[in-house]
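The numbers here are math on the coordinates, done by the rules we state, and not lab data. All figures in this text were calculated on a predicted structure; none of them were measured in a lab. Note that we place each Cβ from the backbone using ideal geometry, even for glycine, and neighbour counts take in every protein chain shown.
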Amino acid sequence: MRYQLRPATDEDYHFFYHLQVAAMKEYVTQTYGWDDAVQERYLRRKFAEREHQIIVVDGRDAGVLEVKKTKDGVQLVNIQIMPERQRQGLGTAVIRDVL
């Protein structure tokens, strides 16, 4: 799977939020319950505090990657792929390249 990574900017927050809802809402609802206002505050803070990269396929945003460099190497903190791009090898390709 061919993809590109680009640094996330403030303008990417809406994609980030939409991705979180599309990929994680079901699981968050089952675990904690989903409250739009709580999630908005949490995700806005999470987005602002961390360095994310946007995964781009065919010119369209397809996911988010967060990698943290540590003194011991690299830590894959988060990877999320839009549901319509899942099960196509994209996540596997990104993780292989991180490794």
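Please list, by residue number, every one of the trypsin sites (Lys or Arg not before Pro) in the stretch 7-53 that is coil in DSSP and has at most 15 other beta-carbon atoms within 10 Å. Intermediate results must be reported in sequence, preceding the final value.
On the way: sites: Lys25, Arg41, Arg44, Arg45, Lys46, Arg50; in loops: Arg50.
Qualifying residues, ordered by number: Arg50.
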MRE, 222 nm, helices only [DSSP H, n ≥ 4, -39500 (n - 2.57), over the chain, to nearest 500] = -13500 deg cm²/dmol
ask   = In the stretch 1-23, which residues have a backbone nitrogen under 18 Å from the label point lying 7 Å from Lys46's Cα in the Cα-to-Cβ direction?
value = 8-23
ask   = Each label point is 7 Å from the Cα along the Cα-to-Cβ direction; what then is the distance between the points at Asp36 and Arg6, in nm?
value = 2.9
remark   = With +1 on the Cβ of every Lys and Arg and -1 on the Cβ of every Asp and Glu, the dipole magnitude of the chain about its Cα centre, in debye rounded to the nearest 20, is 340
task = Tell me which residues come under 5 Å, amide H to amide H, from Ala62 once H is placed; ignore anything under 5 positions away on its chain.
result = Ile55, Val56, Val57
